[in-house]
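Notes follow once the structure below has been shown.
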Amino acid sequence: MSAGIRDQVKRKLALDFDDLGPKSLKNIAEPVHVYRVLYEPAATTGREGQAALPLPAKPSIAVLPFTNLSGEAEQNVFTDGLTEDLITDLSRNPGLFVIARHSTFAYKGKSVDVRLIARDLGVRYLLEGSARRAAGRVRINVQLIDAVGGDHLWAERFDRNLEDIFGVQDEVTNKIVEALVGRLASLPARNRPKSLEAYDICVRGRSLITAFTSFPDAIREARILLNQAVSIDPEYAEAFRWLAFVYWQLWAHSIDVTEENRSRAVELARKAVALDENDAAGRWILGYLLAYEKRWPESDEEFAAAFTLEPNHADALVMWSELAAYAGRASEAIELTQRALRLNPHPAGWYYWELGLAHYAAGQYEEAVKILRMEATYRSASRRILAASLAQLGRGDEAMREAALFMASTPNFRISHWAVAQPARDMEIVQRFVEGYRMAGLPD
């Protein structure tokens, strides 16, 4: 390759070159300066063109979605649940930097070099594996890879009764932690379900909540599933906390605006924490709901407990950012969401919803519009904030169009209900939103 061709290629593709110097080639009289392409394509999951993320100071790891080897599509839920639970268990260790589940699931079903995945996520280590569930048994293969050095640090195969699945999860977690950071002080045990049927149902329900597809229908379906899970296992903390979040969504997002749903959400969240006070997600969900009750000291305590229990909890950081924005600390809210995006580089769309909200609270309407028009969040209820942002910028026609589209999917929305319900310590921030909503033509 000549220097001229090299320069043309570099302008179009993100490639590096090794200069091999002048070379004599057959049938060419003069020596030719040769460059060899160093091929390392960028990942194709949403961060194209961006520089590699720097490695954190502590050992960093991403758990890739386990492969379902059963040959039965319905077992995908179980395999995905296994992956998610391992991510949760690893995230509880303060000595590790753990990528959130939504970012690792961006690679599900894709054939991508592990080195490129590690570079894209900004981690050194990857855990990958497979699972086969059949006839009351489960077979799991796992391997821990150093994506920088290319070494397989640890691999193991487990063949157990299905009832031992949670013991296998604990064993895998302990061996990974020991391999990466040495032995740490033991962490409090998680509340585990007593029924595998309840576990399967809960995993299906939480997948509907975290995917945010076909909202609000997905929320109604999740309510049915999670009510089934807690009726089967009335001491299953995780099912209770997701059910609490479902009832809160029904109320807060104007799907079923009744005080019964609001009070039921808080009651269920308290139940979840009582069953497992060492579950970080249960603590932040309760803290978030208590903020809507204007019980600020209790809310702050629950979030503090969540971050102590699970320093890598990206979702908790984003939800805490919303409360910071409504407390008049918009800059802090933006910084918190950016921290969460480092833990979750390929997040669910609602991360951008919350980031757009924080920029609106800061009066940065152009930035809010840019974020809220991203494909990941555009067709969600974040449209109301987009409409308000456009209205604040004097783009009335666009604002009213977005407001109409929002109302088409959320016909019960009323500004008065929204304003009273917000977890706001700074009412001037609420009034800024109210002003934008009215300018966009949303109903009082």
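Where a number appears in this text, it was derived from the coordinates with a stated rule and is not lab data. Given the structure is predicted, the values throughout are model-derived calculations rather than measurements. Positions of Cβ are generated from backbone atoms using ideal geometry, with glycine treated the same way; all protein chains shown enter the neighbour counts.
Along the Cα→Cβ direction, 7 angstrom out, place labels at Glu260 and Asp113. What is the inter-label distance in nm?
If labels sit at Glu260 and Asp113, their model points lie 5.9 nm apart.
Add +1 for every Lys or Arg and -1 for every Asp or Glu among the other residues with Cβ under 12 Å from the Cβ of Val148, and state the total.
Numbers: positive: Arg115, Arg119, Arg124; negative: Asp146, Asp151.
Taking every other residue near Val148 into account, the sum is +1.
Under 8 Å for C-alpha pairs, at least 6 residues apart: give me the relative contact order for segment 66-134, rounded to a whole percent.
50 percent
Sum up the charges of everything whose Cβ sits under 15 Å from the Cβ of Ala340, counting Lys and Arg as +1 and Asp and Glu as -1, but leave Ala340 out.
Within the 15 Å Cβ shell, the charges total -3.
Taking every pair of distinct Cα atoms and averaging 1/r, then inverting, what Kirkwood hydrodynamic radius in Å comes out for segment 209-282?
12.2 Å
Do you know the relative contact order of segment 60-181, to the nearest whole percent, from alpha carbon pairs under 8 angstrom that are 6+ apart?
Relative contact order here is 27 percent.
Once you have the alpha carbon radius of gyration of segment 51-113, what is it after dividing by 2.2 N^0.38 Å, with N set to its residue count?
1.25
Using the Cα centre of the chain as origin and beta-carbon charges of +1 (Lys, Arg) and -1 (Asp, Glu), tell me which of Ala218, Ala244, Phe303 is placed farthest towards the positive end of the dipole.
Result: Ala218.
Any idea what the relative contact order of segment 95-151 is, in percent, if you count C-alpha pairs under 8 Å spaced at least 6 apart? Mind dumping the intermediate values first?
Numbers: 45 pairs, mean separation 15.8, N = 57.
Computed over segment 95-151, the figure is 28 percent.
Run the dipole for the chain about the Cα centre, Lys and Arg Cβ at +1, Asp and Glu Cβ at -1, nothing else charged, and hand back the magnitude in debye, nearest 20. All intermediate terms of the calculation are to be shown ahead of the outcome.
Numbers: 53 positive and 60 negative charges, 185 e Å.
So the dipole magnitude of the chain works out to roughly 880 debye.
So if the hydrodynamic radius of segment 281-369 is defined as the Kirkwood radius over C-alpha pairs, what does Stokes-Einstein give as its diffusion coefficient at 25 °C and 0.890 mPa s, in µm² per second?
It comes out at roughly 189 µm²/s.
When the dipole is taken about the Cα centre of segment 55-155, and only Lys, Arg (+1) and Asp, Glu (-1) are charged at their Cβ, what size is it in debye, to the nearest 20?
It works out to roughly 80 debye.
Please compute one quarter of the surface area of the Cα convex hull for the chain and express it in square nanometres. Provide the component values of the computation, followed by the final result.
Working: hull surface 103.1 nm².
Taking the Cα atoms of the chain, their convex hull projects to 25.8 nm² on average.
Please list the radius of gyration and Dmax for segment 60-181, considering alpha-carbon atoms only, with Å as the unit.
In Å, with Rg to one decimal and Dmax whole: 13.6, 39.
On full extension of the chain, what length is gained from Ala419 through Arg137, given 0.36 nm per residue of separation minus the C-alpha to C-alpha distance? Kindly include the intermediate steps, with their values, before the conclusion.
Numbers: separation 282, 0.36 × 282 = 101.52 nm, distance 5.22 nm.
Result: 96.3 nm gained on full extension.
Of the listed peptides 272-284, 52-64, 188-200, what is their order by residue-averaged count of other C-beta atoms within 10 Å, with the highest listed first?
For the peptides 272-284, 52-64, 188-200, the packing ranking is 272-284, 52-64, 188-200.
Farthest toward the dipole's positive end in segment 317-444, which of Trp320, Tyr365, Ser331, given Cβ charges of +1 (Lys, Arg) and -1 (Asp, Glu) about the Cα centre?
Of the candidates, Trp320 comes out farthest on the positive side.
Could you size up the charge dipole of segment 196-440 around its Cα centre, putting +1 on the beta carbon of Lys and Arg and -1 on that of Asp and Glu, and report it in debye to the nearest 20?
Working: 26 positive and 34 negative charges, 154 e Å.
For segment 196-440, the charge dipole is close to 740 debye.
Looking at Thr79, Gly394, Pro94, which one has the Cα that reaches farthest to the positive end of the dipole of the chain (charges on Cβ: Lys, Arg +1; Asp, Glu -1)?
Gly394
Given segment 196-440 reduced to its alpha-carbon atoms as identical point scatterers, what log10 I(q)/I(0) does the Debye formula return at q = 0.16 Å⁻¹?
-1.21
When Lys and Arg each count +1 and Asp and Glu each count -1, what net charge do the other residues less than 15 Å away from Arg283, Cβ to Cβ, add up to?
Working: positive: Arg92, Arg190, Arg241, Arg270, Lys271, Arg295; negative: Glu238, Asp276, Glu277, Asp279, Glu298, Asp300, Glu301, Glu302, Glu310, Asp315.
Taking every other residue near Arg283 into account, the sum is -4.
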